[in-house]
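Have a look at the structure below, then the notes.
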Amino acid sequence: MALLRRLARQELPLVSFTLNGEACLGRAGDTVLTAILTQSDRLRLSDFSGGPRAGFCQMGACQDCWVLTTDGERIRACTTALEPGMNLRTVTEPRS
Amino acid sequence: MRPLIVGAGPAGILAAQTLVNSGIRPVVIDEAPSGGGQIYRQRLVPDERSAKDLYGSEANKATALHRTFAGIRDRIDYHPETLVWNLRDKVADAVTGHRTRRIPFSHLILATGATDRVLPFPGWTLPGVFTLGGSQIALKSQGCAIGEEVVFLGSGPLLYLVAWQYVKAGAKVAAVLDTSPLSAKLHLLRGLFAQPSVVLRGFRYVTELMARGVAVRFGVQPILIDGTARVEGVVWRERGEEHRLTCDAVGYGFSLRSETQLADLAGCRFVFDTRDRAWRPERDGAGRTSMPGVYIAGDGAGIAGADAAELAGERAGLALIEDAGLLVDRARIGVLERKLARIQKFRDVLESAFPFPETWANSIADDVTLCRCEEIAIGDVRAAVRDQGVFELNRLKALTRVGMGRCQGRMCGSAAMEVLAAACGQSPDAAGRLRAQPPIKPIPMGVMAQEETA
Ligand SMILES: Cc1cc2nc3c(=O)[nH]c(=O)nc-3n(C[C@H](O)[C@H](O)[C@H](O)COP(=O)(O)OP(=O)(O)OC[C@H]3O[C@@H](n4cnc5c(N)ncnc54)[C@H](O)[C@@H]3O)c2cc1C
Ligand code: FES
């Protein structure tokens with residue numbers, strides 16, 4: 001279930017991407033963090049205990065929002081703009 | 001002459017404008033895709049909201065600053081989406097995407113701003129818990145609330161501001177839980193004389209929140225943020241009694257902390273600011289650090305707010321110009337310094353009205369996660385003190401990895417200092433200062449060096 005709730009920007013063009021293989025829609029101007037957390041309630045599992053994480057600072061400081069693309073690139077979700085056709089993966093295994 | 005300005009917030013932009021006005025062409029670097037800094041952050045793409053919707057009472061200042069920056073664009077060398085990750089002797093290493101390059105400079109103005117100061121509580125790593133600043137960014141830049149029912153918790157002026165902005169934007173705010181006592185707010189009466197408009201605006205936020213049915217509580221002692229997979233509620237103690245409120249998101253923070261890593265790498269001397277309980281680069285009233293040719297302005301030099309950041313940015317620009325042997329307007333310098341002094345006095349008032357929760361360090365339980373990155377517990381710090389006689393932060397870092405993770409102590413540093421000092425029975429400054437290490441933030445793997453210079 002979604003973590004974030006959209007209050008504005010609901011008329012902006014839709015941007016399609018995939019999340020863990022499933023087709024999803026975000027909005028132009030979304031960060032990857034927003035695009036994921038308006039569909040899901042986590043971004044990753046923590047490195048050691050495997051606890052669920054969904055970012056914290058949203059300003060590139062805490063580094064708790066790294067996700068993967070299907071080709072293995074790591075991206076910091078809160079400071080990366082969503083682009084059409086992105087294939088995103090939440091990090092589901094500790095210390096991946 | 002080739003000055004480098006790091007940061008395009010209010011401080012950096014005013015510094016750049018000041019140099020440009022004297023015919024100097026600075027390099028300006030900022031991690032963000034556009035200028036404005038934290039408070040006047042711009043959206044990635046325009047949307048239906050007006051400047052007034054986004055910036056409220058500060059809309060005119062935001063628009064003016066964005067216009068100033070646009071106006072000097074062709075007289076500066078601006079690198080957006082670029083992180084300065086290291087400083088060596090008169091050279092900065094800056095990464096844009098996957099390319100890093102060396103940027104030589106003659107002078108350096110650091111205008112790197114601040115991030116939220118946070119303290120760990122049980123449950124603070126759960127999905128749905130964000131910093132106050134993060135909650136505000138979600139709203140301003142992304143048009144999102146952090147949840148359906150949000151609780152704001154902590155201390156500092158941002159607590160009420162962000163709660164009010166949420167309510168205005170149509171979000172449901174379940175409560176504002178202020179960790180400082182109501183009696184501390186009496187200090188604001190002193191502030192009424194110094195900065196009446198700021199204080200009255202603050203009172204307006206509180207009365208409007210209450211009028212809309214938001215519970216506002218003072219003297220709150222957070223016990224835990226409840227939930228397993230995500231936030232389900234908040235539990236706190238208030239006048240000896242325990243309370244619980246159901247919610248699905250918590251925005252929290254305890255004022256701000258300066259981003260000082262670059263000043264450290266530049267070799268600047270630091271002093272401990274007892275009021276702000278933090279180390280900051282030593283500077284004179286003009287923003288000169290202990291290193292010749294290195295200046296510092298805005299919240300990165302010590303928390304003072306956006307208006308002070310603009311003044312300090314201009315003041316630092318003028319100091320650089322003066323030190324370079326060029327002519328400066330003395331009368332203007334006088335005006336800037338008087339205004340800055342007045343804001344500093346007001347900061348004393350704000351600190352007394354939103355005091356740091358001093359009892360936190362001794363009362364926080366051993367099993368609470370202190371470091372989000374390396375998942376080190378509060379108890380590990382106390383054990384290092386007890387079993388290994390540790391009393392200094394860098395030694396603690398070497399032994400426990402606190403402050404060594406991806407965030408480089410940005411999230412845990414203040415708390416680690418408080419817990420370490422408390423466990424040693426010392427004041428926070430006695431714990432020493434976490435040293436910065438390049439790269440100051442993670443840079444993409446496989447970054448390519450580019451020997452081209454700007
Ligand atoms: C999240 C947040 C929200 C805030 N909201 C408000 C508010 O609503 N009202 C209010 O009065 N005050 C607010 N504040 C305080 C406010 O940010 C400051 O008073 C003001 O923005 C300070 O201006 P500045 O120029 O010093 O720094 P900032 O505005 O923070 O600008 C610093 C800039 O430096 C850049 N930077 C830092 N390090 C590097 C680096 N190594 N490489 C490249 N670029 C770098 C950052 O990207 C940033 O754009 C907020 C603070 C935070 C952290
Ligand atoms: S949420 Fe903190 S770095 Fe992205």
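The values are calculated or read from the model by the stated rules, or taken from the named source; none is laboratory data. All figures in this text were calculated on a predicted structure; none of them were measured in a lab. FYI the Cβ positions are ideal-geometry reconstructions off the backbone, even for glycines, and counts take in every protein chain you see. Please note that ligands, DNA and RNA were not included when accessible areas were found on the heavy atoms of the full protein model with its side chains. Shrake-Rupley method; radii C 1.70, N 1.55, O 1.52, S 1.80 Å.
Values computed for the structure shown
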item: Normalised per residue, the volume of the convex hull around the Cα set of segment B:118-254 (Å³); result: 104 Å³
item: Gyration tensor (Cα) of segment B:18-85, equivalent ellipsoid semi-axes in angstrom; result: 23, 15, 9
item: Point-to-point label distance, B:A383-B:L326, nm (Cα→Cβ direction, 7 Å offset); result: 5.7 nm
item: Label-to-label distance, nm, for residues given as B:R102 and B:T207 (7 Å Cα→Cβ offset); result: 6.1 nm
item: Relative frequency of Cα-Cα separations exceeding 25 Å in segment B:224-372, percent; result: 47 percent
item: Estimated Rh, segment B:360-431: Kirkwood, alpha-carbon pairs, angstrom; result: 11.6 Å
item: Binned Cα-Cα distances of chain B, short to long, each 20 Å bin given as a whole percent; result: 24, 59, 17, 0
item: Computed lengthening from B:K339 to B:S57, 0.36 nm per intervening residue step minus Cα-Cα distance; result: 99.5 nm
item: Per-residue mean of C-beta atoms belonging to partner chains within 10 Å, peptide A:43-52; result: 4
item: Sum of -39500 (n - 2.57) over DSSP H runs of 4+, divided by residues of chain A (222 nm, nearest 500); result: -1500 deg cm²/dmol
item: Base-10 log of normalised Debye intensity for chain A (one unit scatterer per alpha-carbon) at q = 0.11, 0.13, 0.18 Å⁻¹; result: -0.28, -0.39, -0.76
item: Measure of compaction for the protein assembly as shown (Cα Rg per 2.2 N^0.38 Å); result: 0.92
item: Using a Förster distance of 30 Å, the FRET efficiency for A:T69-B:E148 (Cβ separation, nearest 0.05); result: 0.50
item: Mean-position separation - Cα centroids, segment B:11-54 and segment B:236-283, in angstrom; result: 25 Å
item: Area accessible to solvent at B:L326, 1.4 Å probe radius, in Å²; result: 80 Å²
item: Scattering curve values for segment B:5-44, log₁₀ I(q)/I(0), Debye with Cα scatterers, q = 0.20, 0.27, 0.30 Å⁻¹; result: -0.55, -0.86, -0.98
item: Dipole in debye (nearest 20) - the protein assembly as shown, about Cα centre, beta carbon charges: Lys, Arg +1; Asp, Glu -1; result: 980 debye
item: Size of the A/B contact, given as accessible area buried on both chains, probe 1.4 Å, in Å²; result: 3800 Å²
item: Mean ellipticity per residue at 222 nm, deg cm²/dmol - from DSSP H runs of n ≥ 4 across chain B, formula -39500 (n - 2.57); result: -11000 deg cm²/dmol
item: Accessible area (Å², per residue) of chain B, counting only protein heavy atoms and a probe of 1.4 Å; result: 40 Å²
item: Mean separation of Cα contacts under 8 Å (6+ apart) over length of segment A:15-89, as relative contact order %; result: 38 percent
item: Calculated log₁₀ intensity ratio I(q)/I(0) where the Debye formula runs over C-alpha points of segment A:44-96, q = 0.20, 0.28 Å⁻¹; result: -0.69, -1.17
item: Carbon plus sulfur fraction of accessible area for chain A, probe 1.4 Å, in percent; result: 48 percent
item: Cross-link table B:K52/B:K345; B:K172/B:K345; B:K52/B:K172, entries beyond 27 Å C-alpha to C-alpha; result: B:K52/B:K345; B:K172/B:K345
item: Inter-label distance for B:S363 and B:R269, nm, one decimal - labels placed 7 Å from Cα along Cα-to-Cβ; result: 3.9 nm
item: Efficiency of FRET between B:C424 and B:D348 - r from beta-carbon atoms, R0 41 angstrom, step 0.05; result: 0.90
item: Computed lengthening from B:R75 to B:E282, 0.36 nm per intervening residue step minus Cα-Cα distance; result: 71.5 nm
